[in-house]
Amino acid sequence: MKKRPVILDGDPGHDDAIAWVFAQADPQLDIKAVVSVAGNQTIVKTTRNAHRICTLLGIEAPVARGASRPITADPVTAGNWHGESGLDGPPMPEPDRPLCPLPGVELMAKVLRESPEPVMIIATGPLTNVATLLTTYPSLKSKIARISIMGGGVTHGNWKPAAEFNIFEDPEAAWIVFHAGLPLTMCGLDVTEKALITPDDFPRILSVGNQTARIVEGWLQFFYRFPMQLGYSGAPVHDPCAVLIQTHPEIFRTREMYVDIELEGEYTRGATVADFRGYSDMKPNVTVVMDIDREKYIDLLVEALAFYDGREVPVNE
Ligand code: BDR
Ligand code: CA
């Protein structure tokens with residue numbers, strides 16, 4: 001099978017980490033670079049987490065440190081969801097190699113330049129790196145096959161009433177990405193809050209029996225507690241949707257829509273304003289993912305975890 005080259009860009013983050021578990025296990029994808037961004041935690045923490053996740057999963061692509069703050073917005077972090085480290089829970093391995101010396105956006109540009117074919121960017125954090133790449137190197141747009149993001153939502157937010165965390169963190173970056181004229185897939189809260197993993201699923205995940213399955217179960221044990229307090233019936237494990245919509249579209253339902261980013265609203269800054277009923281005469285610019293078959297999502301996770309059988313790396317107790 002011919003693999004599709006991808007760049008992973010995220011702010012790990014428990015659900016970013018699980019997104020990367022899926023990406024590394026999938027025979028359709030060839031991970032060319034991993035880039036961190038400030039979001040769930042500071043850039044120092046998300047970069048360290050990204051580096052350790054790559055060691056855990058055997059992702060050999062270079063790992064580079066991305067943007068340390070949004071383009072103009074004030075940074076916020078989500079320690080309430082992801083803990084002090086940004087990836088609280090089970091012990092993790094120390095990085096097995098140095099970070100790539102290039103800044104994240106330069107690594108992305110290098111991968112695009114050197115790739116014989118267009119590369120997909122899977123972005124599961126604030127869109128700061130992607131927007132900076134587009135504005136700094138507009139000529140490389142033709143080397144981007146698609147941008148697949150977790151962010152936004154048609155009907156509601158999760159950080160503010162109308163704004164989802166990744167978009168709220170850097171709305172100016174999101175605006176640049178949504179106006180880039182590139183193929184764009186948005187996995188917003190409409191779908192990702194249906195990508196629930198509940199404590200009833202944990203034994204099945206653990207029963208895969210390898211180190212990665214034990215660590216993923218440990219991440220979920222940490223990650224489900226805060227949403228359960230908020231009244232969710234499990235953990236909304238958002239970010240893997242941005243990977244799986246590209247590899248397993250059959251478990252999702254999508255709609256083409258015009259979506260813009262609110263930059264000004266007193267109550268709505270960072271909202272993704274989606275023309276759900278086709279009121280405007282703007283052409284659809286986004287494939288919006290609306291629904292997921294949750295049972296199949298869990299089946300795919302169990303299947304992906306089995307890929308790591310036989311892999312065991314020392315962790316830092
Ligand atoms: C998004 O925000 C982060 O906390 C998660 O990693 C996910 O990317 C959900 O709103
Ligand atoms: Ca994320």
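Please treat every number below as a calculation from the coordinates, not as lab data. All figures in this text were calculated on a predicted structure; none of them were measured in a lab. Methodologically, a virtual Cβ is constructed for each residue, glycine included, from the backbone with ideal geometry; neighbour enumeration extends over all protein chains shown.
Computed quantities for the displayed model
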| item | result |
| --- | --- |
| Two-site label geometry, residue 28 and residue 316: point separation in nm, points 7 Å out along Cα→Cβ | 3.5 |
| Additional length obtainable on full extension of the chain from residue 84 to residue 302, 0.36 nm per residue less Cα span | 75.7 nm |
| Lys/Arg +1, Asp/Glu -1 at C-beta; the chain dipole; positive extreme among 159, 129, 302 | 129 |
| Of 115, 19, 43, farthest towards positive along the dipole that unit charges on Lys, Arg, Asp, Glu beta carbons give region 4-306 | 115 |
| Long pairs among 3/143; 3/194; 110/143; 3/32; 32/141, criterion Cα-Cα beyond 19 Å | 3/194 |
| Residue-averaged [θ]222 nm for the chain, counting only DSSP H segments that reach four residues, each worth -39500 (n - 2.57) | -10000 deg cm²/dmol |
| Between region 112-145 and region 224-294, the alpha-carbon center distance in angstrom | 21 |
| Computed Kirkwood radius, in angstrom, where 1/r is averaged over Cα pairs of region 4-306 | 18.8 |
| Cα-centred dipole magnitude for region 48-117, charges only on beta-carbon of K, R (+1) and D, E (-1), debye, nearest 20 | 140 |
| Projected-area average for region 126-187 over all orientations - Cα convex hull basis, square nanometres | 3.9 |
| Residue 13 long-range amide H proximity, modeled H, under 5 Å | 87 |
| Long-range amide H partners of residue 30 with built H, under 5 Å | 4, 6 |
| The chain: relative contact order in percent, alpha carbon pairs under 8 Å with at least 6 residues between | 20 |
| Nearest-20 debye value, the chain charge dipole, Cβ charges on Lys, Arg, Asp, Glu | 660 |
| Pairwise centroid distance, computed over Cα atoms, of region 175-211 with region 29-104, Å | 18 |
| Antiparallel DSSP beta bridges within region 228-300, as percent of all bridges there, nearest 5 | 100 |
| The chain - Cys residues lacking any other Cys C-beta under 4.7 Å | 54, 100 |
| Extension gain, residue 276 back to residue 44 (0.36 nm per residue minus Cα-Cα distance, nm) | 79.7 nm |
